[in-house]
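> Below is the structure I would like to discuss, written out as C-alpha coordinates.
The values are calculated or read from the model by the stated rules, or taken from the named source; none is laboratory data. None of these values were measured; they are calculated from a predicted model. Heads up, the Cβs are rebuilt from the backbone with ideal geometry, glycines too, and the neighbour counts pull from every protein chain shown. Areas reflect the complete protein model, heavy atoms only, side chains present, ligands, DNA and RNA absent. Shrake-Rupley method; radii C 1.70, N 1.55, O 1.52, S 1.80 Å.
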Amino acid sequence: MLRQHHHLPSLLLLATLALGGCGEIERPLIVGAKDFAEQQVTAQLLAQTLRAHNIAVEVDDSARDSLGTIGALWAGEIDLYVDYTGSILALSGHPPLHEGLASFVAAQQALAPFALSTGPLLGFNNDYVVLARPGSQSAAAPTRLGALADSGRLLRVGMTQEFRARPLDGFEPLVRRYGLRAEPSLLVSSTAEGKDRLYAALLDDDIDLAVGFSTDPQIAEFGLIQIADDRGFFPAYAAAPITRSSLLTRRPDIATALTTLEDQVSTAAMRQMLTEVTTLGADPFAVVARFLDPTLPPATDGTLARPFGIAVGRLDAIAGQAADVVLALRKAFPRTAH
(Lines give C-alpha, C1' and ligand atoms only; values in the text may rest on other atoms or scores of the structure.)
Protein backbone atom coordinates (compact mmCIF):
# COMPACT_ATOMS: atom_id res chain seq x y z
CA MET A 1 0.00 0.00 0.00
CA LEU A 2 3.18 2.70 -0.74
CA ARG A 3 2.88 -0.64 1.18
CA GLN A 4 6.49 -1.57 0.71
CA HIS A 5 9.29 0.80 1.47
CA HIS A 6 12.35 0.63 3.61
CA HIS A 7 13.87 4.02 4.39
CA LEU A 8 12.54 7.54 4.66
CA PRO A 9 15.24 8.96 2.33
CA SER A 10 14.02 6.69 -0.45
CA LEU A 11 11.24 9.05 -1.55
CA LEU A 12 13.50 12.05 -1.19
CA LEU A 13 15.97 10.42 -3.54
CA LEU A 14 13.32 10.54 -6.23
CA ALA A 15 13.80 14.28 -6.39
CA THR A 16 17.25 13.70 -7.83
CA LEU A 17 15.99 11.58 -10.73
CA ALA A 18 16.16 13.14 -14.18
CA LEU A 19 12.86 13.53 -15.95
CA GLY A 20 14.41 12.94 -19.38
CA GLY A 21 12.42 10.45 -21.40
CA CYS A 22 9.22 10.86 -19.37
CA GLY A 23 7.61 13.59 -21.44
CA GLU A 24 3.93 13.12 -22.02
CA ILE A 25 3.43 11.53 -25.46
CA GLU A 26 0.36 10.35 -27.27
CA ARG A 27 0.20 6.67 -26.41
CA PRO A 28 -2.07 4.44 -24.32
CA LEU A 29 -1.90 5.17 -20.63
CA ILE A 30 0.00 2.57 -18.62
CA VAL A 31 -1.53 1.44 -15.33
CA GLY A 32 0.96 -0.07 -12.89
CA ALA A 33 0.63 -2.38 -9.91
CA LYS A 34 2.68 -3.59 -7.00
CA ASP A 35 3.49 -7.18 -6.18
CA PHE A 36 0.37 -8.41 -4.37
CA ALA A 37 -3.07 -9.58 -5.43
CA GLU A 38 -5.01 -6.50 -4.40
CA GLN A 39 -2.95 -4.42 -6.80
CA GLN A 40 -3.97 -6.67 -9.69
CA VAL A 41 -7.57 -5.83 -8.82
CA THR A 42 -6.99 -2.08 -8.41
CA ALA A 43 -5.07 -1.96 -11.71
CA GLN A 44 -8.10 -3.44 -13.46
CA LEU A 45 -10.41 -1.00 -11.68
CA LEU A 46 -8.45 1.93 -13.08
CA ALA A 47 -7.95 0.44 -16.54
CA GLN A 48 -11.55 -0.62 -17.12
CA THR A 49 -12.91 2.68 -15.81
CA LEU A 50 -10.64 4.66 -18.11
CA ARG A 51 -11.58 2.50 -21.11
CA ALA A 52 -15.25 3.10 -20.34
CA HIS A 53 -14.48 6.80 -20.87
CA ASN A 54 -12.82 6.10 -24.25
CA ILE A 55 -9.29 6.50 -22.89
CA ALA A 56 -6.79 4.04 -24.34
CA VAL A 57 -5.00 2.18 -21.56
CA GLU A 58 -2.80 -0.85 -20.96
CA VAL A 59 -1.89 -2.66 -17.74
CA ASP A 60 1.78 -3.17 -16.91
CA ASP A 61 2.05 -6.63 -15.33
CA SER A 62 5.46 -5.96 -13.77
CA ALA A 63 5.29 -6.87 -10.08
CA ARG A 64 7.24 -4.02 -8.52
CA ASP A 65 7.78 -3.24 -4.86
CA SER A 66 6.52 0.10 -3.56
CA LEU A 67 9.65 2.11 -4.22
CA GLY A 68 9.97 0.58 -7.68
CA THR A 69 6.37 1.45 -8.49
CA ILE A 70 6.54 5.10 -7.48
CA GLY A 71 9.91 5.31 -9.24
CA ALA A 72 8.33 3.94 -12.42
CA LEU A 73 5.58 6.56 -12.13
CA TRP A 74 8.11 9.34 -11.66
CA ALA A 75 10.20 8.16 -14.62
CA GLY A 76 7.21 7.83 -16.93
CA GLU A 77 7.32 4.04 -17.24
CA ILE A 78 3.77 3.92 -15.88
CA ASP A 79 1.18 6.68 -15.69
CA LEU A 80 -0.91 5.84 -12.64
CA TYR A 81 -1.51 3.21 -9.97
CA VAL A 82 -3.30 2.89 -6.64
CA ASP A 83 -1.47 3.56 -3.38
CA TYR A 84 -2.39 4.11 0.25
CA THR A 85 -2.37 7.34 2.24
CA GLY A 86 -0.74 6.00 5.39
CA SER A 87 2.15 4.57 3.41
CA ILE A 88 2.69 7.82 1.53
CA LEU A 89 2.80 9.74 4.80
CA ALA A 90 5.15 7.24 6.43
CA LEU A 91 7.49 7.40 3.46
CA SER A 92 7.53 11.18 3.51
CA GLY A 93 8.16 11.33 7.27
CA HIS A 94 4.72 12.72 8.12
CA PRO A 95 3.21 11.79 11.50
CA PRO A 96 0.50 9.11 11.18
CA LEU A 97 -3.11 10.16 10.82
CA HIS A 98 -5.96 7.85 11.74
CA GLU A 99 -8.86 9.48 9.91
CA GLY A 100 -9.12 8.68 6.22
CA LEU A 101 -9.97 12.13 4.85
CA ALA A 102 -7.32 13.91 6.90
CA SER A 103 -4.81 11.30 5.80
CA PHE A 104 -5.81 11.88 2.17
CA VAL A 105 -5.37 15.65 2.38
CA ALA A 106 -1.97 15.25 4.04
CA ALA A 107 -0.89 12.73 1.39
CA GLN A 108 -1.83 15.21 -1.35
CA GLN A 109 0.34 17.82 0.32
CA ALA A 110 3.22 15.39 0.75
CA LEU A 111 3.22 14.42 -2.94
CA ALA A 112 2.84 17.94 -4.36
CA PRO A 113 6.56 18.86 -4.16
CA PHE A 114 7.32 15.80 -6.31
CA ALA A 115 4.80 16.85 -9.01
CA LEU A 116 2.57 13.88 -8.15
CA SER A 117 -1.18 14.03 -7.59
CA THR A 118 -3.72 11.79 -5.90
CA GLY A 119 -7.07 10.93 -7.39
CA PRO A 120 -10.26 10.48 -5.39
CA LEU A 121 -10.52 8.11 -2.45
CA LEU A 122 -11.84 4.80 -3.78
CA GLY A 123 -13.73 3.98 -0.58
CA PHE A 124 -11.73 1.15 0.97
CA ASN A 125 -8.87 1.04 3.43
CA ASN A 126 -6.12 -1.55 3.42
CA ASP A 127 -5.17 -1.09 7.06
CA TYR A 128 -2.70 -3.24 8.90
CA VAL A 129 -4.41 -5.55 11.39
CA VAL A 130 -3.02 -7.89 14.04
CA LEU A 131 -4.78 -11.25 14.01
CA ALA A 132 -5.01 -14.32 16.21
CA ARG A 133 -6.44 -17.80 15.71
CA PRO A 134 -9.90 -18.37 17.25
CA GLY A 135 -9.64 -20.19 20.56
CA SER A 136 -5.97 -19.39 21.05
CA GLN A 137 -4.52 -17.79 24.15
CA SER A 138 -3.83 -14.62 22.19
CA ALA A 139 -7.50 -14.40 21.19
CA ALA A 140 -8.75 -14.61 24.78
CA ALA A 141 -10.52 -11.49 26.04
CA PRO A 142 -9.63 -8.71 26.27
CA THR A 143 -8.49 -8.78 22.65
CA ARG A 144 -6.34 -5.66 22.81
CA LEU A 145 -2.66 -5.18 22.03
CA GLY A 146 -2.33 -3.30 25.32
CA ALA A 147 -3.59 -6.35 27.21
CA LEU A 148 -1.11 -8.61 25.40
CA ALA A 149 1.68 -6.22 26.37
CA ASP A 150 0.53 -6.23 30.01
CA SER A 151 0.53 -10.04 30.05
CA GLY A 152 4.30 -10.11 29.54
CA ARG A 153 4.07 -13.20 27.32
CA LEU A 154 6.67 -13.69 24.62
CA LEU A 155 4.70 -13.49 21.38
CA ARG A 156 5.73 -15.18 18.15
CA VAL A 157 4.68 -12.86 15.35
CA GLY A 158 4.43 -13.54 11.62
CA MET A 159 4.49 -10.72 9.07
CA THR A 160 5.55 -9.71 5.60
CA GLN A 161 9.16 -8.78 5.02
CA GLU A 162 8.17 -5.21 4.19
CA PHE A 163 6.30 -4.77 7.50
CA ARG A 164 9.39 -5.98 9.32
CA ALA A 165 11.44 -3.28 7.59
CA ARG A 166 9.06 -0.31 7.84
CA PRO A 167 10.79 2.37 9.94
CA LEU A 168 7.77 4.32 11.20
CA ASP A 169 4.78 1.99 11.15
CA GLY A 170 6.37 -1.46 11.13
CA PHE A 171 7.27 -4.18 13.59
CA GLU A 172 9.93 -2.44 15.68
CA PRO A 173 7.91 0.79 16.18
CA LEU A 174 4.85 -1.32 17.07
CA VAL A 175 6.81 -3.23 19.71
CA ARG A 176 8.15 0.01 21.16
CA ARG A 177 4.75 1.72 21.25
CA TYR A 178 3.15 -1.10 23.22
CA GLY A 179 6.14 -2.46 25.12
CA LEU A 180 5.45 -5.90 23.69
CA ARG A 181 7.64 -8.93 24.27
CA ALA A 182 7.59 -10.13 20.70
CA GLU A 183 9.87 -11.68 18.13
CA PRO A 184 9.56 -11.81 14.32
CA SER A 185 9.20 -15.58 14.06
CA LEU A 186 8.07 -15.73 10.43
CA LEU A 187 8.79 -13.40 7.51
CA VAL A 188 6.98 -13.92 4.21
CA SER A 189 6.67 -12.13 0.90
CA SER A 190 3.60 -10.04 0.09
CA THR A 191 2.56 -12.48 -2.66
CA ALA A 192 -0.43 -14.80 -2.46
CA GLU A 193 1.95 -17.67 -1.66
CA GLY A 194 3.51 -15.66 1.14
CA LYS A 195 0.11 -14.85 2.61
CA ASP A 196 -0.83 -18.54 2.49
CA ARG A 197 2.33 -19.37 4.45
CA LEU A 198 1.56 -16.65 7.00
CA TYR A 199 -1.99 -17.77 7.70
CA ALA A 200 -1.10 -21.46 7.59
CA ALA A 201 1.46 -20.82 10.32
CA LEU A 202 -1.14 -18.99 12.40
CA LEU A 203 -3.69 -21.79 12.02
CA ASP A 204 -1.03 -24.43 12.79
CA ASP A 205 -0.07 -22.55 15.99
CA ASP A 206 3.47 -21.98 14.73
CA ILE A 207 3.01 -18.29 15.50
CA ASP A 208 0.81 -16.48 18.02
CA LEU A 209 -0.07 -13.43 15.94
CA ALA A 210 -0.09 -12.53 12.25
CA VAL A 211 0.10 -9.00 10.89
CA GLY A 212 -2.13 -8.86 7.83
CA PHE A 213 -4.29 -6.39 5.94
CA SER A 214 -7.95 -5.57 6.53
CA THR A 215 -8.83 -6.69 2.99
CA ASP A 216 -7.28 -10.17 3.38
CA PRO A 217 -10.02 -12.74 2.61
CA GLN A 218 -8.51 -15.17 5.13
CA ILE A 219 -9.87 -13.04 7.98
CA ALA A 220 -13.45 -14.04 7.25
CA GLU A 221 -12.54 -17.39 5.70
CA PHE A 222 -10.86 -18.64 8.87
CA GLY A 223 -12.83 -16.57 11.41
CA LEU A 224 -9.67 -14.86 12.65
CA ILE A 225 -9.81 -12.58 15.66
CA GLN A 226 -8.61 -9.00 15.21
CA ILE A 227 -6.59 -7.66 18.13
CA ALA A 228 -7.59 -4.05 18.77
CA ASP A 229 -4.98 -1.34 18.26
CA ASP A 230 -6.07 0.38 21.47
CA ARG A 231 -3.19 2.88 21.50
CA GLY A 232 -3.79 4.07 17.94
CA PHE A 233 -0.49 2.95 16.43
CA PHE A 234 -1.55 2.20 12.86
CA PRO A 235 -2.47 5.11 10.57
CA ALA A 236 -5.28 5.00 8.02
CA TYR A 237 -4.32 3.41 4.69
CA ALA A 238 -7.03 4.82 2.43
CA ALA A 239 -6.71 3.79 -1.23
CA ALA A 240 -6.47 6.36 -4.02
CA PRO A 241 -4.96 6.58 -7.52
CA ILE A 242 -1.65 8.41 -7.95
CA THR A 243 -0.42 9.99 -11.17
CA ARG A 244 1.81 12.80 -12.40
CA SER A 245 0.38 16.29 -12.06
CA SER A 246 1.54 17.18 -15.57
CA LEU A 247 -0.50 14.33 -17.03
CA LEU A 248 -3.69 15.53 -15.34
CA THR A 249 -3.04 19.06 -16.59
CA ARG A 250 -2.66 17.83 -20.15
CA ARG A 251 -5.44 15.21 -19.94
CA PRO A 252 -8.30 16.48 -17.74
CA ASP A 253 -10.44 13.64 -19.10
CA ILE A 254 -8.40 11.27 -16.90
CA ALA A 255 -9.43 13.09 -13.74
CA THR A 256 -13.05 13.11 -14.92
CA ALA A 257 -13.00 9.35 -15.45
CA LEU A 258 -11.35 8.62 -12.10
CA THR A 259 -13.94 10.73 -10.30
CA THR A 260 -16.55 8.09 -11.13
CA LEU A 261 -14.71 5.67 -8.83
CA GLU A 262 -14.90 7.96 -5.81
CA ASP A 263 -16.19 6.08 -2.74
CA GLN A 264 -17.40 3.20 -4.94
CA VAL A 265 -15.32 0.32 -3.51
CA SER A 266 -15.94 -0.64 0.12
CA THR A 267 -13.47 -2.67 2.14
CA ALA A 268 -15.97 -5.54 2.13
CA ALA A 269 -16.28 -5.34 -1.66
CA MET A 270 -12.52 -5.41 -2.10
CA ARG A 271 -12.25 -8.38 0.24
CA GLN A 272 -14.90 -10.22 -1.81
CA MET A 273 -13.05 -9.55 -5.05
CA LEU A 274 -9.83 -10.77 -3.49
CA THR A 275 -11.60 -13.92 -2.32
CA GLU A 276 -12.58 -14.66 -5.90
CA VAL A 277 -9.07 -13.97 -7.20
CA THR A 278 -6.95 -15.64 -4.52
CA THR A 279 -9.24 -18.43 -3.32
CA LEU A 280 -11.19 -19.39 -6.44
CA GLY A 281 -8.48 -18.49 -8.94
CA ALA A 282 -10.66 -16.05 -10.88
CA ASP A 283 -9.20 -13.71 -13.48
CA PRO A 284 -8.91 -10.19 -11.96
CA PHE A 285 -10.19 -8.72 -15.24
CA ALA A 286 -13.42 -10.74 -15.06
CA VAL A 287 -13.90 -10.08 -11.34
CA VAL A 288 -13.58 -6.33 -11.77
CA ALA A 289 -15.75 -6.30 -14.90
CA ARG A 290 -18.52 -7.99 -12.92
CA PHE A 291 -18.06 -5.57 -10.01
CA LEU A 292 -18.41 -2.60 -12.35
CA ASP A 293 -21.35 -4.21 -14.15
CA PRO A 294 -23.22 -6.65 -11.85
CA THR A 295 -25.46 -7.72 -14.75
CA LEU A 296 -22.58 -9.67 -16.29
CA PRO A 297 -22.77 -13.46 -15.74
CA PRO A 298 -20.19 -15.07 -13.44
CA ALA A 299 -17.06 -16.03 -15.37
CA THR A 300 -15.95 -19.66 -15.29
CA ASP A 301 -12.67 -19.27 -17.14
CA GLY A 302 -9.84 -19.59 -14.65
CA THR A 303 -12.11 -20.38 -11.72
CA LEU A 304 -13.17 -23.53 -9.96
CA ALA A 305 -16.17 -25.04 -11.73
CA ARG A 306 -17.72 -25.68 -8.34
CA PRO A 307 -16.18 -24.52 -5.05
CA PHE A 308 -15.81 -27.09 -2.28
CA GLY A 309 -18.73 -27.16 0.12
CA ILE A 310 -17.84 -28.00 3.73
CA ALA A 311 -20.39 -28.82 6.43
CA VAL A 312 -19.31 -28.42 10.06
CA GLY A 313 -21.11 -28.20 13.36
CA ARG A 314 -21.33 -24.91 15.21
CA LEU A 315 -18.91 -25.96 17.95
CA ASP A 316 -16.39 -27.24 15.44
CA ALA A 317 -16.59 -23.96 13.57
CA ILE A 318 -16.00 -21.97 16.76
CA ALA A 319 -13.04 -24.20 17.64
CA GLY A 320 -11.43 -23.50 14.29
CA GLN A 321 -12.02 -26.94 12.77
CA ALA A 322 -13.53 -25.45 9.62
CA ALA A 323 -10.39 -23.44 9.06
CA ASP A 324 -8.30 -26.60 9.52
CA VAL A 325 -10.32 -28.40 6.85
CA VAL A 326 -10.02 -25.52 4.38
CA LEU A 327 -6.30 -25.31 5.02
CA ALA A 328 -5.92 -29.06 4.50
CA LEU A 329 -7.79 -28.81 1.19
CA ARG A 330 -5.53 -25.99 0.08
CA LYS A 331 -2.48 -28.07 0.88
CA ALA A 332 -3.89 -31.18 -0.83
CA PHE A 333 -5.08 -29.36 -3.96
CA PRO A 334 -2.72 -26.41 -4.39
CA ARG A 335 -3.75 -25.79 -8.00
CA THR A 336 -7.48 -25.76 -7.35
CA ALA A 337 -8.04 -24.87 -3.70
CA HIS A 338 -5.56 -21.98 -3.65
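> Each residue of region 84-96 in order: what ³J(HN,Hα) in whole Hz does its phi give by Karplus 6.51 cos²θ - 1.76 cosθ + 1.60, θ = phi - 60°, with x for Gly and Pro?
10, 4, x, 5, 4, 5, 5, 5, 8, x, 7, x, x
> Each residue of region 246-251 in turn: what ³J(HN,Hα) in whole Hz from Karplus with 6.51, -1.76, 1.60 and θ = phi - 60°, glycine and Pro shown as x?
3J(HN,Hα) across region 246-251, in whole Hz: 5, 5, 5, 5, 7, 10.
> Now for a separate question. For region 172-255, state which chymotrypsin sites (Phe, Trp or Tyr not before Pro) are in a DSSP loop and have at most 14 other beta carbons lying within 10 Å of their beta carbon.
Within region 172-255, no chymotrypsin sites (Phe, Trp or Tyr not before Pro) qualify (loop, at most 14 other Cβ atoms within 10 Å).
> Using a 1.4 angstrom probe on the protein heavy atoms only, line up Arg271, Arg197, Arg64 by accessible area, largest first.
On the way: Arg271 65, Arg197 130, Arg64 45 Å².
Sorted descending by solvent-accessible area, the residues read Arg197, Arg271, Arg64.
> Tell me which residues come under 5 Å, amide H to amide H, from Ala182 once H is placed; ignore anything under 5 positions away on its chain.
Under 5 Å from the amide H of Ala182: Leu155.
> Quick one: which residues, 5 or more positions from Glu58 or on another chain, have an amide H under 5 Å from its amide H? H modelled 1.01 Å from N in the peptide plane, none for Pro or chain starts.
Excluding prolines and chain starts, which carry no amide H, the hits are Leu29, Ile30, Val31.
> Turning to a different aspect of this structure: Across region 165-172, in residue order, what do the Karplus-derived ³J(HN,Hα) couplings come to in whole Hz, using 6.51 cos²θ - 1.76 cosθ + 1.60 with θ = phi - 60° and x for Gly and Pro?
After applying 6.51 cos²θ - 1.76 cosθ + 1.60, I find 8, 5, x, 10, 9, x, 4, 4 Hz.
> Report, in debye and to the nearest 20, how large the dipole of region 142-257 comes out about its Cα centre when Lys and Arg carry +1 and Asp and Glu carry -1 on their Cβ.
So the dipole magnitude of region 142-257 works out to roughly 600 debye.
> Additional query: If a/c stays under 1.5 just call it rounded; otherwise compare a/b with b/c (prolate if a/b is bigger, oblate if not). Do that for region 37-118, with a ≥ b ≥ c from the square roots of the Cα gyration tensor eigenvalues.
Numbers: a/c = 1.86, a/b = 1.63, b/c = 1.14.
Judged from the Cα gyration tensor, region 37-118 comes out prolate (a/c at least 1.5, a/b above b/c).
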